[in-house]
Amino acid sequence: MYAENISSPRDVKRLSAEQLPQLCDEIRRILLEKLSRHGGHIGPNLGMVEATVALHYVFDSPSDKIVFDVSHQSYVHKMLTGRMEAFLDPQRYDSVSGYTNPRESEHDFFNVGHTSTSVSLACGLVKARDLQGGRENIIAVIGDGSLSGGEAYEGLSNAAETGTNMIIVVNDNEMSIAENHGGLYRNLQLLRDTQGRAECNFFRSLGLDYLYVEQGNDVNALAEAFSSVKDCTRPTVVHIHTCKGKGFAPAEAEKERWHYGAPFRREGGTPVAAPADDEDYHTLTGEFLLEKMSRDPRVVAISSGTPGVLGFTPENRERAGRQFVDVGIAEEHAVALASGIAAGGGRPVYGVYSTFIQRCYDQLSQDLCINGNPAVITVFLGSVMGMNDVTHLGFFDIPLIANIPGMVYLAPTCREEYFAMLEWALAQREHPVAIRVPGGAVVSRNEPFERDYGILDRYRTVVEGDTVAILALGAFFGLGEAVLRRLKTEAGIDATLVNPRYITGLDTALLENLKRSHRVVITLEDGVLDGGFGEKIARHYGPSPMRVLNYGLRKEFADRYAAAELMRANRLSDELIVEDILETLNGK
């Protein structure tokens, strides 16, 4: 095998052009072996095998700098830059991350996991090189799906201004996570249909030179194209037409399903683990919205390139018709669109993962909240139980969203409360409303919940007690119940348990009332503490004798953590919390 002897790009360069296709076949087999046993980004990496081999065959990394967009297509790059063992040895599968990481290798220049960034980052490297008189090639790799993000447009527009060497490889596999959306894709289709010769050319219109490669999974055709632009003196786009999931029939046939996946059987592509029968909030939300759509033509669901977040499978998208909008990977536009729909009398619900809501702070503030339009945003995986890669952390949303004036951010504790809040949010016309969908498994509580949340910032006292008050927010309400029980068992304390419900405001009447018979208030939140819910409570009690203990997560970029370990490191267990409470009551 050639692949087993690859320890750096120099080893790739030693191969002849005739040997490169075999290397690609070997890499694809190794990829499939690891992906089938470990899971990961399947389609993006299988489609980029030949392009990545050709890049390292032609260019001289790390002197020449290759910047991957999103970087979920960087597995082959890692294999060719000294990390092959992480793909050959099952014991080392977890020794590398799923994204580029400068701590792993000098061949990785950025820690990247969000989309549409590579051209802008590469523009920065170009400017730094030119200021210092360097001559290395700077290469940005970006997928066609990522071109729908606003930063991609900004980067491409600026790239033309550099006037010096910059190579932008556009990996066009005709897909985002799901299908592409936006007018740009009509031009990409035209360019594919005309072999890049169409007079109407988006890239040329920006002042970029342009080269088209139809056979984007032909390693030698790619090597020839890259050689022709190496050391170019102007910013140049190399537009390559590839197949997402190349070489694995199930992934080629069902590209959306195989974008990312858990371990699977190579024969047939069936999952290794039996499909879970448990309900999930994504599917439940989709069912709820489809039912609303059937009765109200004003209801519209919005996704920014991740329709699965709202449970909108291809079948559900077809059922929804024009009442479902996928804007592509364009979170900023999604928020502004929702604001506009609400202003026009519609009933928009924008579904987004917590990690991606970070991309549209300005639109939340300017386009939505200053205007006070009653759009609804459902925030998923805002939790320590969510995605755990450093680039996809979901526990920073509370400080981000809850401190924007005019926003109502709600934290349901369970399925029933979530849908009660969603029902109210969709019907009311007074406020922009965000709902922090509980992280983890679906929890059901067979009890009634309020249907009207229009009188803001009223907390719900679930258990009346004394001495200690537990304010357990959203998904951490169950942890609050565990603390309540342990306080009774270990110290005979009948504590008070409160469901705050509202992240964005204080129930000052309730908080003041607690002063009468309580000495300690604890807050529990499934998110970072700095700027979070607990700090609002502590600030309220600042001038008083009330002791306040805030529990949540430290402000840090945790990477590939085990949720149970991270929670314990932050003393997020009923045992440790009760230990702290008792020490506080005893004056320690």
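Miscellaneous remarks
- Qualifying residue in the range 185-201 (condition: of a type outside the set (A, V, I, L, M, F, W, C), farther than 16 Å from His41 by Cα, touching a Gly at 6+ places or on another chain (Cβ under 9 Å) and outside any helix (DSSP H, G or I)): no
- Test: Tyr93 is in the same structural domain as Val170 (by TED's automatic domain parsing), in a loop (DSSP other than H, G, I, E, B) and not small (Gly, Ala, Ser): no
- Residue match in the range 402-415 (condition: more than 28 Å from Phe557 (Cα to Cα) and either surrounded by fewer than 20 Cβ atoms within 10 Å (Cβ to Cβ) or in contact with a Gly (Cβ under 7 Å, 6 or more places away or on another chain) (or both)): yes
- Taken over the range 96-138, the criterion of being in a helix (DSSP H, G or I) and either of a type in the set (S, T, N, Q) or not assigned by TED's automatic domain parsing to the domain that holds Arg29 (or both) is satisfied by Ser118, Ser120.
- Near pairs, Cβ below 7 angstrom, 6+ apart or cross-chain, from the range 404-426 (in the same structural domain as Gly382 (by TED's automatic domain parsing)) to any residue that is among the acidic types (Asp, Glu): Ala420/Glu450; Trp424/Asp452
- Residue match in the range 252-266 (condition: touching a Cys at 6+ places or on another chain (Cβ under 7 Å) and at pLDDT 95 or above): yes
- Qualifying residue in the range 414-429 (condition: over 19 Å from Val498 (Cα atoms), in contact with a Ser or Thr (Cβ under 8 Å, 6 or more places away or on another chain), of a type outside the set (S, T, N, Q) and part of a helix (DSSP H, G or I)): yes
- Residues satisfying the stated conditions in the range 362-386, i.e. farther than 23 Å from Gln428 by Cα and either buried (at least 17 other Cβ atoms within 10 Å of the Cβ) or of a type in the set (Ser, Thr, Tyr) (or both): Leu381, Gly382, Ser383, Val384, Met385, Gly386
- Among the residues making up the range 61-90, those that are in a loop (DSSP other than H, G, I, E, B) and of a type outside the set (S, T, N, Q) are Pro62, Asp64, Asp69, Val70, His72, Gly82, Arg83, Met84, Asp89.
- Hits in the range 502-537 - residues which are outside any helix (DSSP H, G or I) and either surrounded by 24 or more Cβ atoms within 10 Å (Cβ to Cβ) or without any contact (Cβ under 8 Å) to a residue 40 or more places away in the chain (or both): Ile503, Lys515, Arg516, Val521, Ile522, Thr523, Leu524, Glu525, Asp526, Gly527, Leu529, Gly532
Yes or no, residue by residue, for (1) touching an Asp or Glu at 6+ places or on another chain (Cβ under 9 Å); (2) closer than 22 Å to Ala343 by Cα:
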{"site": "Glu256", "(1), (2)": "yes, no"}
{"site": "Gly268", "(1), (2)": "no, no"}
{"site": "Pro271", "(1), (2)": "no, no"}
{"site": "Asp278", "(1), (2)": "no, no"}
{"site": "Gly308", "(1), (2)": "yes, no"}
{"site": "Gly311", "(1), (2)": "yes, no"}
{"site": "Val327", "(1), (2)": "no, yes"}
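- Residues (over 16 Å from Met175 (Cβ atoms) and surrounded by 21 or more Cβ atoms within 10 Å (Cβ to Cβ)) located in the range 129-147: Asn137, Ile138, Ile139, Ala140
- Checked against the criteria, Arg257 counts as outside the structural domain of Pro348 (by TED's automatic domain parsing), out of contact with any Leu (no Cβ under 7 Å at 6 or more places or on another chain), assigned to a loop (DSSP other than H, G, I, E, B) and surrounded by 13 or more Cβ atoms within 10 Å (Cβ to Cβ).
- When each of Met567, Met546 is tested for being more than 24 Å from Arg436 (Cβ to Cβ) and surrounded by 14 or more Cβ atoms within 10 Å (Cβ to Cβ), the lone residue that passes is Met546.
- Qualifying residue in the range 468-483 (condition: over 36 Å from the mean Cα position of the chain (by Cα) and either in a strand (DSSP E or B) or under 27 Å from Ala563 (Cβ atoms) (or both)): yes
- From Leu31, Leu15, residue being in contact (Cβ under 8 Å) with a residue 24 or more places away in the chain and part of a helix (DSSP H, G or I): Leu31
The rows are residues; the columns are (1) of a type outside the set (A, V, I, L, M, F, W, C); (2) within 16 Å of Ile329 (Cβ to Cβ); (3) surrounded by fewer than 22 Cβ atoms within 10 Å (Cβ to Cβ).
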| residue | (1), (2), (3) |
| --- | --- |
| Gly149 | yes, yes, no |
| Ala159 | no, no, no |
| Met166 | no, no, no |
| Val170 | no, yes, no |
| Leu190 | no, no, yes |
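- Scanning the range 77-125 for residues that are over 19 Å from the mean Cα position of the chain (by Cα) and in contact (Cβ under 8 Å) with a residue 60 or more places away in the chain gives Met79, Leu80, Thr81, Gly82, Met84, Leu88, Asp94, His107, Leu125.
To keep it simple, each residue is scored yes or no on (1) among the polar types (S, T, N, Q); (2) within 26 Å of the chain's Cα centre (by Cα); (3) crowded, with 21+ Cβ neighbours inside 10 Å; (4) modelled with pLDDT under 95.
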residue	(1), (2), (3), (4)
Arg429	no, no, no, no
Val433	no, yes, yes, no
Val437	no, yes, yes, no
Gly440	no, yes, no, yes
Arg445	no, no, no, yes
Arg451	no, no, no, yes
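- Hits in the range 1-34 (condition: loosely packed, with under 15 Cβ neighbours inside 10 Å and within 20 Å of Asp64 (Cβ to Cβ)): Ser7, Arg10, Lys13, Arg14, Ala17
- Scanning the range 243-259 for residues that are touching a residue at least 40 places away in the same chain (Cβ under 8 Å), of a type outside the set (D, E, K, R) and farther than 15 Å from Thr313 by Cα turns up Cys243, Gly245, Gly247, Phe248, Ala251.
- Failed item, numbered, when Ser444 is tested on (1) polar (S, T, N, Q); (2) within 30 Å of Pro102 (Cβ to Cβ); (3) in a loop (DSSP other than H, G, I, E, B): (2)
- Subset tally (residues that are free of Cβ contacts under 8 Å to residues at least 60 places away in the same chain and either under 21 Å from Glu252 (Cβ atoms) or not acidic (Asp, Glu) (or both)) for the range 157-190: 10
The values are calculated or read from the model by the stated rules, or taken from the named source; none is laboratory data. This one's a predicted model, so the numbers in the text were calculated from it and none came from an experiment. Methodologically, a virtual Cβ is constructed for each residue, glycine included, from the backbone with ideal geometry; neighbour enumeration extends over all protein chains shown.
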